[in-house]
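The values are calculated or read from the model by the stated rules, or taken from the named source; none is laboratory data. The structure displayed is predicted, hence computed values, not measured ones. As a convention, Cβ positions derive from the backbone with ideal geometry for all residues, glycine included, and neighbour counts pool all protein chains shown. The accessibility values were calculated without ligands, DNA or RNA, using every heavy atom of the protein model including side chains. Shrake-Rupley method; radii C 1.70, N 1.55, O 1.52, S 1.80 Å.
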Amino acid sequence: MKKVFGRPEALTDVPTHYCPGCTHGIIHRLIAEVIDELGVCEKTIGISPVGCAVLAYDYFNCDFVEASHGRAPAVATGIKRTLPDSVVFCYQGDGDLASIGAAEIVHAATRGEKITVIFVNNAIYGMTGGQMAPTTLPGQRTTTSPRGRDVESAGHPIRVAELLSSLSGVAYISRVSATSPANVTKAKRAVRKAFETQIEGKGFSLVEFLSTCPINWGMSPLEAMKWIDDKMSLYYPLGDYTRVPEVG
Amino acid sequence: MQEQVIFAGFGGQGVMLIGQLVTYAGMIEGANVSWMPSYGPEMRGGTANCQVVVSSTEVSSPLVTEPTSLIALNKPSLDKFAPWVKSGGLIIYNSSLIESPPERTDVRILAVPANKVANELGDLRIANMVALGAYLATTRVVGCDTVLDAMKRVLPERRHNLIPLNRQALARGIEIASVWHSRDQGEVSGAE
Amino acid sequence: MGEKVLMKGNEAIAEAAILAGCRHFFGYPITPQNEIPEYMSRRMPEVGGVFLQAESEVAGSNMVYGAACAGARVMTTSSSPGISLMQEAISYMAGAELPCVLVNIVRGGPGLGGIQGSQADYFQATKGGGHGDYRLIVLAPASVQELMDLTITAFDLADMYRIPVMILGDAILGQMMEPVIPGRRGKADLPPKTWATVGAKMRPKNVITSLSLDPAKLEQHNFDLGKKYNKIADEQVRYKTYMTDDAETLLVAYGTCARISQAAVDMARERGLRVGLFRPVSLWPFPYEALQLAAEESLRVLTVEMSLGQMVEDVRLAILGSKPVRFYGRTGGMTPTPREVLEEIERIVEEGI
Ligand SMILES: Cc1ncc(C[n+]2csc(CCOP(=O)(O)OP(=O)(O)O)c2C)c(N)n1
Ligand code: SF4
């Protein structure tokens with residue numbers, strides 16, 4: 001009999017600690033399915049961030065390393081340069097990647113590090129209880145932007161996929177969401193492409209997920225999905241952002 | 001007098017609030033007080049508790065490790081904290097959610113069907129106040145009126161319309177405790 | 001004096017900064033001190049101040065460096081991992097003699113560690129967490145009222161001596177609520193900030209730097225710093241004692257551990273044991289002489305910390321081998337209970353140490 005909704009081999013059967021309606025769990029699952037399909041679990045090393053996904057190492061069956069806040073791409077570089085045949089992926093939130101770790105991600109991308117980054121953009125700091133993130137939308141209320149994000153003083157949200165796509169070391173970048181079955185299918189295709197890009201040695205790859213944080217957005221899980229479709233994806237359009245790498 | 005109490009339950013049951021009300025009321029009445037919450041990711045959907053000291057002398061340790069009273073609104077909290085209670089102390093537990101009483105013979109135990117009473121009053125969210133009423137009536141650590149006074153200061157203005165309902169909930173808790181007292185403090189519940 | 005209000009420790013720090021005239025706050029979220037930036041994001045716009053969430057603690061602490069150069073009363077706050085990232089800026093500010101207030105609401109480490117209270121950053125705070133020959137003034141409050149009062153004092157000390165001042169709290173102090181009487185900015189006689197880089201109008205230009213390529217000059221700069229540190233060590237020692245007069249066993253503890261130890265002293269006294277507590281309030285300068293005096297009549301010293309034993313090294317320096325110094329600690333976010341401390345007291349009394 002064909003397993004229709006079994007647990008991917010690359011996932012443990014530990015229940016996750018994510019809140020109801022949080023899409024971190026779906027994203028884990030898509031990554032695990034791709035690792036299974038590519039048959040690379042035994043040579044994959046994951047790097048978890050500081051953020052709600054800090055315990056990702058409990059949920060994946062591959063080797064894992066916990067990095068300090070924002071430094072996952074640097075840690076990944078060290079691993080990949082030591083083990084060039086391994087498959088290395090970073091899993092990072094928006095605070096981790098686009099705020100404190102902005103330097104590390106830019107330089108890993110521009111060096112064309114052969115790693116895959118799964119970037120979870122939920123427009124807020126989840127783990128620390130809902131503070132403003134570099135991707136918080138203009139006007140969005142958070143615990144450190146109680147009157148709504150004022151771009152005059154707090155600056156503008158960062159479009160990570162677009163920003164990194166200007167770098168020549170980048171081989172593949174896509175922005176996806178998991179708000180509908182169709183979007184999940186597209187998202188999985190993007191994750192697979194990103195891992196393949198790495199395995200084929202083409203360069204740096206990144207998939208940006210627009211992800212929910214119902215708890216800190218103060219919404220129900222359904223409202224949160226809708227907010228991604230109606231609000232977030234206007235500021236952060238879905239799709240591929242890969243430029244054709246320049247030939248020197 | 002030194003009352004050291006733990007209020008514990010699910011996150012969302014309002015244990016932090018009733019702890020704060022007792023602390024605030026203690027301050028208004030001129031006692032020395034401290035309030036110490038549990039915090040962090042484990043509170044998402046998990047258990048929450050706060051430790052309160054109300055004392056006629058300076059509060060030394062704000063951490064309550066040998067409580068004189070425990071108010072447990074759910075089973076995990078009762079299981080965790082019941083063994084901590086000082087011999088001769090008091091345990092009030094939410095008998096709507098906890099089937100069997102704690103296995104202690106050296107403390108006073110009061111069952112309060114807090115959810116049931118709150119439901120009767122039409123709002124499950126005031127179960128915490130029913131338990132608080134029972135606690136105030138049993139220990140008299142602070143006055144009931146002072147708690148209502150504290151509530152005015154703790155709640156934002158737009159929520160002051162909730163105060164009458166909370167007063168009712170407190171009153172029902174007090175009633176349950178007095179029935180229990182008049183039955184000579186056996187392990188019974190006044191409303192069941 | 002104002003009316004008593006019930007406040008969280010973290011909020012008391014934030015409000016104290018406002019009361020002290022701090023109008024510039026830079027910080028990055030980290031548990032268990034998020035209430036401070038959150039409070040500042042609400043309050044600063046109300047008082048015409050600046051709140052900015054930095055992209056990291058590296059950036060936030062350098063924003064503090066900049067605002068201090070421009071003559072502002074400025075503060076940043078964080079918890080252990082974030083304070084580690086600030087060590088570069090702290091060393092530069094110490095070198096450039098810039099006033100600022102830093103708050104560390106310590107959590108368990110090392111590494112990412114946990115989020116419960118700890119005192120494991122004592123070495124980092126008092127022995128120079130960054131590079132170079134420098135000192136911070138380090139104050140250790142033990143109640144919400146003291147968090148308020150010492151934060152206000154910290155701004156004055158920073159300006160008075162042109163030095164970064166650190167408030168070393170912990171997660172318990174930051175999270176707990178106690179009644180506070182809001183403090184007031186004292187009338188400290190503070191030197192004008194003639195050195196600040198605010199534009200060279202009608203005066204020769206000011207330069208703020210910690211660079212000095214000529215070793216002789218750098219040595220002189222270090223000697224000057226040393227003189228300043230000695231002056232502070234003479235003038236700013238702070239400590240409190242509790243029942244030390246007839247104490248045979250002298251506890252030494254700061255911050256939360258002092259509160260717990262005080263409860264243990266009471267329990268011990270009930271049992272007829274002569275126990276007292278010495279509480280350093282300034283961790284740098286450490287009250288070496290006062291502690292030595294307080295311990296003179298006692299038979300033994302017991303240091304209690306939420307660490308593997310850090311302040312105990314300074315306690316030993318103060319006691320200089322004249323009495324046995326024992327250590328009791330819990331770490332990683334665990335807290336000693338008064339009973340545990342009492343049992344340790346009974347153990348060492350029984351052992352006849
Ligand atoms: C150096 C340092 N600074 C701050 C923190 C506190 N911290 C933990 S997670 C986090 C941000 C989490 O947000 P994000 O990366 O967006 O991930 P999410 O939790 O939303 O998935 C912060 C600031 C830390 N652990 N270390
Ligand atoms: S806080 Fe937000 S990001 Fe974190 S687990 Fe909950 S919903 Fe997900």
- Query: Which is at pLDDT 95 or above, away from ligand 1 (no atom under 16 Å from the Cβ) and among the small types (G, A, S), of A:G78, A:G126, A:G130, A:G101?
  - Reply: A:G78
- All but one of (1) of a type in the set (A, V, I, L, M); (2) under 15 Å from the mean Cα position of the chain (by Cα); (3) open to solvent by less than 50 Å² (accessible area, probe 1.4 Å) hold for A:I26, so report the exception by its number. (3)
- Which one of these is open to solvent by less than 70 Å² (accessible area, probe 1.4 Å), within 14 Å of chain B (Cβ to nearest Cβ), of a type outside the set (D, E, K, R) and assigned to a loop (DSSP other than H, G, I, E, B): C:G352, C:G309, C:G333? C:G333
- Specify which of the listed residues (A:G169, A:G155, A:G218) is open to solvent by 40 Å² or more (accessible area, probe 1.4 Å) and closer than 30 Å to C:A54 by Cβ. A:G218
- Task: Take C:F26 and decide whether it is of a type in the set (F, W, Y) and at the interface with another protein chain (Cβ under 10 Å from one of its Cβ atoms).
- Result: no
- Among all residue pairs at least 6 apart or on different chains, which show Cβ distances below 8 Å where the first residue, located in region A:45-57, is under 11 Å from A:H28 (Cα atoms) and the second is more than 12 Å from ligand 2 (Cβ to nearest atom) and open to solvent by 10 Å² or more (accessible area, probe 1.4 Å)? A:A56/A:F64; A:Y57/A:F64; A:Y57/A:V65; A:Y57/A:E66
- Considering only region C:165-194, state which residues are of a type outside the set (A, V, I, L, M) and more than 19 Å from C:E146 (Cα to Cα). C:D189, C:P191, C:P192, C:K193, C:T194
- Task: Kindly provide the set of residues from region C:24-38 that are touching a helix residue (DSSP H, G or I) at 6+ places or on another chain (Cβ under 7 Å) and either open to solvent by 30 Å² or more (accessible area, probe 1.4 Å) or over 26 Å from A:S99 (Cβ atoms) (or both), ordered by number.
- Result: C:H24, C:E35
- Task: Scan (1) away from ligand 1 (no atom under 16 Å from the Cβ); (2) without any contact (Cβ under 8 Å) to a residue 12 or more places away in the chain; (3) part of a helix (DSSP H, G or I); (4) open to solvent by 50 Å² or more (accessible area, probe 1.4 Å) for the single condition A:E42 breaks and write down its number.
- Result: (2)
- Within region A:167-198, the count of residues that are among the β-branched types (V, I, T), under 16 Å from A:E33 (Cα atoms) and touching a residue at least 40 places away in the same chain (Cβ under 8 Å) comes to 2
- Note on the structure: For region B:85-106, the count of residues that are surrounded by fewer than 18 Cβ atoms within 10 Å (Cβ to Cβ) and either among the β-branched types (V, I, T) or under 16 Å from the mean Cα position of the chain (by Cα) (or both) equals 1
- Some residue of region A:143-161 being part of a strand (DSSP E or B), away from ligand 2 (no atom under 16 Å from the Cβ) and either away from chain C (no Cβ under 11 Å) or at pLDDT below 95 (or both): no
- Positions within region A:191-213 being within 16 Å of ligand 2 (Cβ to nearest atom) and open to solvent by less than 10 Å² (accessible area, probe 1.4 Å), in sequence order: A:E208, A:F209, A:L210, A:S211, A:T212
- strands (runs of 3 or more DSSP E) wholly in region A:59-137 with at least 3 residues that are within 16 Å of ligand 2 (Cβ to nearest atom) - which ones? A:87-93, A:116-121
- Query: When you go through (1) touching a residue at least 12 places away in the same chain (Cβ under 8 Å); (2) closer than 22 Å to A:S220 by Cβ; (3) open to solvent by 10 Å² or more (accessible area, probe 1.4 Å); (4) away from chain C (no Cβ under 14 Å) one by one for A:K114, which number turns out not to apply?
  - Reply: (2)
